[in-house]
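These notes are about the structure you will find just below.
The values are calculated or read from the model by the stated rules, or taken from the named source; none is laboratory data. Since the model is a prediction, treat every value here as computed from it, not as a measurement. Because the Cβ atoms are built from the backbone with ideal geometry, glycine has one as well, and the counts that use them run over all protein chains shown.
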There are 2 protein chains.
Amino acid sequence: MAGAATYHRDVPVTSDVSSTVCVVTGGLGFIGSNLCHELVRQGATVRVVDALVDGLGGDRRNLAGLDVDVLEAEIDDPGVADAIAGADLIFNLAGQVSHTASMRDPLRDLHLNTITHVSFLEMVRHVNPGARIVHTSTRQVYGRPLRLPVDELHPTHPMDVNGVAKLAGEQLHLVYHTAHDLATTSLRLTNVYGPRQRLTSDELGFLPVFMRKALLGEQIRIFGDGGQRRDCLFVSDVVDALLVATAPEAVGRVFNVGHVIDHSLAEIAEAMVEVTGSTGGVQLVPWPNEDQRIDIGSFHTDGTTIAETLGWKAATTLDDGLQATVTFYRGHPWYLSST
Amino acid sequence: MAGAATYHRDVPVTSDVSSTVCVVTGGLGFIGSNLCHELVRQGATVRVVDALVDGLGGDRRNLAGLDVDVLEAEIDDPGVADAIAGADLIFNLAGQVSHTASMRDPLRDLHLNTITHVSFLEMVRHVNPGARIVHTSTRQVYGRPLRLPVDELHPTHPMDVNGVAKLAGEQLHLVYHTAHDLATTSLRLTNVYGPRQRLTSDELGFLPVFMRKALLGEQIRIFGDGGQRRDCLFVSDVVDALLVATAPEAVGRVFNVGHVIDHSLAEIAEAMVEVTGSTGGVQLVPWPNEDQRIDIGSFHTDGTTIAETLGWKAATTLDDGLQATVTFYRGHPWYLSST
């Protein structure tokens, strides 16, 4: 990936969505709401479908003041057909992201990440087969990497039910392209942070937990030696990736979406302490047995395919992204107390 | 795979099951019933769980005269817990195998190949966590091969809902090993033929359709130029593979199960015409558009991993297997008229 470390974009990354009608499923959630804000800013008409499923990231306040239609429904609800009809772009972000919740209630995870998506795709197929569909998958589909960085041809061996269910959801989108000619794309996202992420759950990934602790001045605890590495994405970069993924060249394909720079968990935690000025510090603690079993070690995304095909790469450094994130939450303190 | 083409087995392939209690889900179906016959022959106590789902391969006559307990239930039925309790070996073969049926009714396929398996694994986990579990997956999880032969590290890009659902089912078995320490193994089977296969459906693969046509003296029709290649497995070889897969070295792993010799579809059809003496012959016909979309071209299994790990390779040539198959159906003519 030539010049990747400089964060320069090779081509303009944002498609023109100004005159489009867009559906965003999961639009009240973390990534979905940030996408809605950007779509509205660019002049798109936005319809949100979100079930506000208990325990997930959805909250009506994420779209406060924004001129969008919100349908509170699961994506397989028959009423969703009306939202889909006439849409140009469908961003299918609805789903459950928690590893731990998926192990506690596997059937619920499969319902939210796989089963409802089949019904949704069937609905798109019958109501609006010409729509452009971008789905969000996850790097969890790879499981424990056999090699680093991880490209799209790396075998997929998910370590938890969530990874299994997301992979099935992603593959169903591609099957509906191959078999039924729907214009689908799926993006395998690495760990994402930024504004409008639910901070008060301990089950939505380590980044929002670390961020909450740092903002509250509490100690950040890291399992193991803190040397595990991750490439983290600022949510605005993900929004850019979702927009460029509507390009015709992306139809029928899966792309990794990650960052060229990776950091150890200890570095990420220390950066949060630094940016927030937290006095809670960072502590290394032994792995709980159950969590260690499904841990995947270090991960680093190989983003060559999306860079070469669509000209996208992450533009935001960890320090810049964390600074913007902290500024946002200091201006929106309810994220720290909401349940 | 040294000496593979000679079909010699490097090590004895059959584990001693004489004093075991075995559960076979899908035990009234094609592969399941052949497994039951072999288990009983070796002295095992066999409990069958089979829902006799309409359109699949299950038929009580497949086990006629055999001393086994049969529970007619889906594998997620709470009553299955009693069958699982105290079992040494669980062969989890229940599922739906039809590409076309999965595209017609995707939710049903996901129910039969994925969702019910989660509930089944949860039941095993709570009732009999020490049982040895062997699950059957399919080469369909690979989709259209990027290279031949196809080993277990080849990317999985299923081309139909059935492939997606079977892959999820397989991965769930492995997640329950990693996370919950169940002793699971999954076998990715290539195309299988032999006694006790349902011949009267056109949706259970090309091999039973070809066999029915040849036995009835009807013309065998092949889509395309007949040059597409497949490695076909005689069902007794699959039964052997299921038994050797109970070895401790196989726990937590996925293995390809195929044949070292592949043949073109035209060769396979001609061999059936030859063995049966059919006067119907073979005709090449153009692809129906919908089928061609999800066709995967040629496939050839790389079986090196199971050969090196468990000493298994297919022992039966296509000619020998077809001869045994024809002899069986000539002695059991109801397979040609049953619906």
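Checked against the criteria, B:L52 counts as in a loop (DSSP other than H, G, I, E, B) and surrounded by fewer than 21 Cβ atoms within 10 Å (Cβ to Cβ). Per this entry, A:Q219 is counted among residues that are more than 25 Å from A:C22 (Cα to Cα) and either surrounded by fewer than 22 Cβ atoms within 10 Å (Cβ to Cβ) or within 14 Å of chain B (Cβ to nearest Cβ) (or both). Answer yes if at least one residue in region B:102-113 is more than 25 Å from B:D240 (Cβ to Cβ), acidic (D, E) and within 13 Å of another protein chain (Cβ to nearest Cβ), and no otherwise. Looking through region B:102-113, at least one residue is more than 25 Å from B:D240 (Cβ to Cβ), acidic (D, E) and within 13 Å of another protein chain (Cβ to nearest Cβ). All conditions but one from (1) buried (at least 21 other Cβ atoms within 10 Å of the Cβ); (2) more than 22 Å from A:D88 (Cβ to Cβ) apply to A:V238; the one that does not is (2). Looking across region A:159-198, the residues that are in a helix (DSSP H, G or I) and of a type in the set (S, T, Y) come down to A:Y176, A:T178. Of all residues in region B:81-105, exactly one satisfies the criterion of being surrounded by 24 or more Cβ atoms within 10 Å (Cβ to Cβ) and over 20 Å from the mean Cα position of the chain (by Cα), namely B:A83. Among the criteria (1) at negative phi; (2) surrounded by fewer than 19 Cβ atoms within 10 Å (Cβ to Cβ), the one A:G252 does not fulfil is (1). Within region A:267-307, the set of residues being surrounded by 18 or more Cβ atoms within 10 Å (Cβ to Cβ), hydrophobic (A, V, I, L, M, F, W, C) and at pLDDT 95 or above comprises A:I268, A:A269, A:A271, A:M272, A:V273, A:V275, A:V282, A:F299, A:I306, A:A307.
Of the residues examined, A:L93 is one that is more than 9 Å from every other protein chain (Cβ to nearest Cβ) and at pLDDT 95 or above.
With the structure loaded, tell me whether A:G224 is farther than 22 Å from A:R196 by Cα and touching a Phe, Trp or Tyr at 6+ places or on another chain (Cβ under 7 Å) or whether it fails that test. So A:G224 fits the description; yes. Of the residues in region A:275-287, at least one is touching a residue at least 24 places away in the same chain (Cβ under 8 Å), at positive phi and of a type outside the set (V, I, T).
Based on what the data block shows, is B:L172 more than 20 Å from A:R108 (Cβ to Cβ) and crowded, with 18+ Cβ neighbours inside 10 Å?
Taking the combined requirement at face value, the residue does not satisfy it.
Taking each residue of region B:153-171 that is facing chain A (nearest Cβ under 8 Å) and more than 14 Å from B:T100 (Cβ to Cβ) and looking for partners that are surrounded by fewer than 24 Cβ atoms within 10 Å (Cβ to Cβ) and of a type in the set (D, E) with beta-carbon atoms closer than 8 Å, six or more apart or interchain, yields B:P155/A:E152.
Of the listed requirements (1) of a type outside the set (V, I, T); (2) on the phi < 0 side of the Ramachandran plot; (3) modelled with pLDDT of 95 or more, B:G217 misses just one: (2). Please state which one of B:W312, B:W287 is hydrophobic (A, V, I, L, M, F, W, C) and out of contact with any helix residue (DSSP H, G or I) (no Cβ under 7 Å at 6 or more places or on another chain). None of the others qualify; the one that does is B:W287. For region A:294-329, a residue qualifies if it is more than 18 Å from A:A245 (Cα to Cα), touching a residue at least 40 places away in the same chain (Cβ under 8 Å) and in a helix (DSSP H, G or I), and the qualifying residues are A:L318, A:D319, A:D320, A:G321, A:L322, A:Q323, A:A324, A:T325, A:V326, A:F328, A:Y329.
Does region B:179-193 contain at least one residue that is farther than 19 Å from A:S102 by Cα, within 10 Å of chain A (Cβ to nearest Cβ), at pLDDT 95 or above and crowded, with 24+ Cβ neighbours inside 10 Å? Looking through region B:179-193, none of the residues is farther than 19 Å from A:S102 by Cα, within 10 Å of chain A (Cβ to nearest Cβ), at pLDDT 95 or above and crowded, with 24+ Cβ neighbours inside 10 Å. Among the candidates B:N113, B:N128, B:N62, the residue that is in contact (Cβ under 8 Å) with a residue 40 or more places away in the chain and more than 27 Å from B:R139 (Cα to Cα) is uniquely B:N128.
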